[in-house]
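Trainee: Got a structure for you, questions after.
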Amino acid sequence: EAGVAQSPRYKIIEKRQSVAFWCNPISGHATLYWYQQILGQGPKLLIQFQNNGVVDDSQLPKDRFSAERLKGVDSTLKIQPAKLEDSAVYLCASSLGAVGTDEKLFFGSGTQLSVL
Amino acid sequence: AQKVTQAQTEISVVEKEDVTLDCVYETRDTTYYLFWYKQPPSGELVFLIRRNSFDEQNEISGRYSWNFQKSTSSFNFTITASQVVDSAVYFCALSDHGSSNYQLIWGAGTKLIIKP
């Protein structure tokens, strides 16, 4: 079974530039999550989708971050413009069931973003 | 407020030693789930176990075992006869049904180094 696919694996940009990350969850998984993980910390939820609808984006800095999950399958997370403090690993995860079912999450390998 | 504390930032042991990773949680929910995930150097978080609040039986899976004690709000993880491949960052997480939207509350992680 194919896992959660993410690209790119690494990205280096200068501050104020824009960047986009792509995620393809496991086939059939209803729920998709984007997490930000700063070095030495646990993952921080940015946004979660159920199918193609946003369930929770309360921790997404909406002035610069945006995300979409068209057709309820793959998803894109964008940062525009990037700041130095956005340097982190961006993790995508998916789960089979609906939000709140406490199912295990399947994670991709993440995109490591460095903002210079 | 819900919280997960992993007091051990880093643990280093020699191969074949047993090692226990501590996890202490806080919640006002009566129904909740606890999780452990492993993050090897490749970066992908891998699910290890899920335990619900009504099941206090200890769990054993090969060299891994988990001790859930509601009386002390702890969900500790023990690796018996550790191996170099166990080197990773381990995260404990708590499901949060107290907020309007479901979220996982993550600990800061414990970096485990197994020396050959």
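Trainee: Using a 1.4 Å probe over the heavy atoms of the protein chains, calculate the carbon and sulfur portion of the accessible area of region B:1-92 as a whole percent.
Mentor: 48
Trainee: When the accessible area of chain A is computed with all protein chains present and a 1.4 Å probe, what percentage of it is carbon and sulfur?
Mentor: Roughly 50 percent, rounded to a whole number.
Trainee: To the nearest 0.05, what FRET efficiency results for B:GLN57 and A:GLN59 with a Förster distance of 41 Å applied to their C-beta separation?
Mentor: The pair B:GLN57/A:GLN59 has a calculated efficiency of 0.75.
Trainee: How big, on average over all directions, is the shadow cast by the Cα convex hull of the protein assembly as shown, in nm²? Please list the in-between numbers first.
Mentor: Working: hull surface 51.5 nm².
Its Cα hull, projected and averaged over all orientations, spans 12.9 nm².
Trainee: Now, a different point. Please state the shape class of chain A: rounded when a/c is under 1.5, otherwise prolate if a/b exceeds b/c and oblate if not, all from the C-alpha gyration tensor.
Mentor: prolate
Trainee: For region A:13-116, with every protein chain kept in place, what is the accessible area per residue (1.4 Å probe, Å²)?
Mentor: Ligands and nucleic acids excluded, the figure is 45 Å² per residue.
Trainee: Pairs of alpha-carbon atoms within less than 8 angstrom and 6+ residues apart define the contacts here; what relative contact order does region B:17-101 have, in percent?
Mentor: Once normalised by length, the contact order is 42 percent.
Trainee: How far apart, in nanometres, would the label points at A:GLU14 and B:ALA108 be if each is projected 7 angstrom from Cα along the Cα-to-Cβ direction?
Mentor: 3.5
Trainee: Over chain B, with a single point scatterer placed on each C-alpha, what log10 of the ratio I(q)/I(0) does the Debye formula yield at q = 0.13, 0.19, 0.22 1/Å?
Mentor: -0.47, -0.97, -1.26
Trainee: Next question. Around B:ILE11, which amide H atoms from residues at least 5 apart in sequence, or from another chain, sit under 5 Å from its own amide H, with H modelled in the peptide plane?
Mentor: Under 5 Å from the amide H of B:ILE11: B:LYS111, B:LEU112, B:ILE113.
Trainee: Skipping prolines and chain starts, which residues have an amide H placed within reach, meaning under 5 Å, of the one on A:LEU46, given they are 5 or more residues away or on another chain?
Mentor: Residues meeting the amide H criterion: A:TRP34, A:TYR35, A:GLN36.
Trainee: Then there is this: Could you tell me the total accessible area buried at the B-A interface, probe 1.4 Å, in square angstrom to the nearest hundred?
Mentor: So the buried area, both faces added, is about 1700 Å².
Trainee: Then there is this: Using a 1.4 Å probe, what is the accessible area per residue for chain B, in Å²?
Mentor: 49
Trainee: For B:PHE47 and A:ASN52, FRET efficiency with R0 = 30 Å and r from the beta-carbon atoms, rounded to 0.05?
Mentor: On the way: r = 25 Å, r/R0 = 0.83.
Using R0 = 30 Å, I get an efficiency of 0.75.
Trainee: Measuring from label point to label point, each 7 Å out along Cα→Cβ, what is the A:LEU70 to A:GLN41 span in nm?
Mentor: Result: 3.1 nm between the two label points.
Trainee: Follow-up. Sequence gap at least 6, Cα distance under 8 Å: using those rules, report the relative contact order of chain A to the nearest whole percent. Before the final figure, lay out the partial values.
Mentor: Details: 289 pairs, mean separation 42.9, N = 116.
Relative contact order, chain A: 37 percent.
Trainee: Another question about this same structure. Can you run phi through the Karplus equation (6.51, -1.76, 1.60; θ = phi - 60°) for region B:74-84 and list ³J(HN,Hα) in whole Hz, with x for Gly and Pro?
Mentor: Each residue of region B:74-84 in turn: 10, 9, 8, 10, 10, 10, 9, 6, 4, 10, 4 Hz.
Trainee: Let me ask you something else. Given points 7 Å out from each Cα along the Cα-Cβ axis, report the A:LYS104 to B:THR72 separation in nanometres with one decimal.
Mentor: 2.6
Trainee: A follow-up question, please. Calculate, for A:ALA2 and B:VAL13, the FRET efficiency according to 1/(1 + (r/R0)^6) with r their C-beta to C-beta distance and R0 45 Å; round to the nearest 0.05.
Mentor: On the way: r = 35 Å, r/R0 = 0.78.
That pair, A:ALA2 with B:VAL13, gives E of 0.80.
Trainee: Would you rank B:SER95, A:SER66 by solvent-accessible area, highest first, keeping every protein chain in place and using a 1.4 Å probe? Walk me through the numbers on the way to the answer.
Mentor: Numbers: B:SER95 0, A:SER66 55 Å².
Descending order: A:SER66, B:SER95.
Trainee: Hey, another quick one. Over the Cα atoms of region A:39-96, how large are the radius of gyration and the largest Cα-Cα distance (Dmax), in Å?
Mentor: Considering region A:39-96 through its Cα atoms, Rg and Dmax are 11.9, 35 Å.
The values are calculated or read from the model by the stated rules, or taken from the named source; none is laboratory data. From a predicted model like this one, the values you see are computed outputs, not experimental measurements. Positions of Cβ are generated from backbone atoms using ideal geometry, with glycine treated the same way; all protein chains shown enter the neighbour counts. Ligands, DNA and RNA are excluded from the accessible area calculation, which covers all protein heavy atoms including side chains. Shrake-Rupley method; radii C 1.70, N 1.55, O 1.52, S 1.80 Å.
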